[in-house]
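Sending over a structure as structure tokens; questions will come in a sec.
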Amino acid sequence: MLALQQELDRFLRNPSFNLGVSGQGSYPPVNIFDDKDGVVIAELAGMDAGSIKVSGQGTTLTFSGSRIPDEGANSGAYHRRERRFGEFSRSIQLGQGLDLSKAEARYEAGILTVRVPKAEETKPRQIAVCRLLEEKLNERKEVTKR
């Protein structure tokens, strides 16, 4: 039984096996966290920034692109091939309360960082508290000035 479980774990960790939109094995790997903005970080080593497309609709952030194979890749047989080549697309569901229309993306040293600010209506705001007696006095002062 243990051997079967180990074999299943090995199969599920295989990078070519895909469990869906955000499952283990999806390419590229991402980290998603929340600081003052919602932030998505994706590993896209060996890509040209011009070949990466980032778009958003509703609460879905999508990035896609194409990685060209290494020039020397066709000169011989592979002993091991783990780096993916060709086209890819990954869509991620973000939490509510983020404003994708104001998202900013930056690609540097093989890392794509997308910052999605929180929508204004979800940010905490200070609400002024007035004393009823002060309001009444202020109203009376304004009436007597007229």
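Given (1) closer than 13 Å to Pro28 by Cα; (2) under 19 Å from the mean Cα position of the chain (by Cα), where does Asp99 come up short, assuming only one miss?
So Asp99 meets the others, but not (1).
Taking region 38-56 only, how many residues are at pLDDT 90 or above, closer than 23 Å to Ala119 by Cβ and not aliphatic (A, V, I, L, M)?
2
Look through region 66-81, keep the residues that are at pLDDT 75 or above and of a type in the set (D, E, K, R), and return whichever of them is surrounded by the fewest Cβ atoms within 10 Å (Cβ to Cβ).
Arg80
Quick grid of which residues meet (1) within 11 Å of the chain's Cα centre (by Cα); (2) surrounded by 10 or more Cβ atoms within 10 Å (Cβ to Cβ); (3) at pLDDT 90 or above:
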{"position": "Ala103", "(1), (2), (3)": "yes, yes, yes"}
{"position": "Glu108", "(1), (2), (3)": "no, no, yes"}
{"position": "Arg115", "(1), (2), (3)": "yes, yes, yes"}
{"position": "Lys118", "(1), (2), (3)": "no, yes, no"}
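Still on this structure: Of the numbered conditions (1) modelled with pLDDT under 85; (2) touching a strand residue (DSSP E or B) at 6+ places or on another chain (Cβ under 6 Å); (3) of a type in the set (Phe, Trp, Tyr), Phe63 satisfies every one except a single condition; which is it?
Every condition holds for Phe63 apart from (1).
Still on this structure: Please specify each residue of region 27-56 satisfying the condition of being free of Cβ contacts under 8 Å to residues at least 40 places away in the same chain, part of a loop (DSSP other than H, G, I, E, B), surrounded by 12 or more Cβ atoms within 10 Å (Cβ to Cβ) and within 13 Å of the chain's Cα centre (by Cα).
Residue satisfying the conditions is Pro29 alone.
Test of understanding: among Phe11, Phe85, Phe17, which residue is at pLDDT 75 or above and either hydrophobic (A, V, I, L, M, F, W, C) or within 27 Å of Pro117 (Cβ to Cβ) (or both)?
When all the criteria are applied, what remains is Phe85.
Applying the selection to region 57-71, what residues are over 23 Å from Pro117 (Cα atoms) and not in a strand (DSSP E or B)?
Ile68, Pro69, Asp70, Glu71
The values are calculated or read from the model by the stated rules, or taken from the named source; none is laboratory data. The structure presented is a predicted model; accordingly, all values stated were derived computationally and were not measured. Note that we place each Cβ from the backbone using ideal geometry, even for glycine, and neighbour counts take in every protein chain shown.
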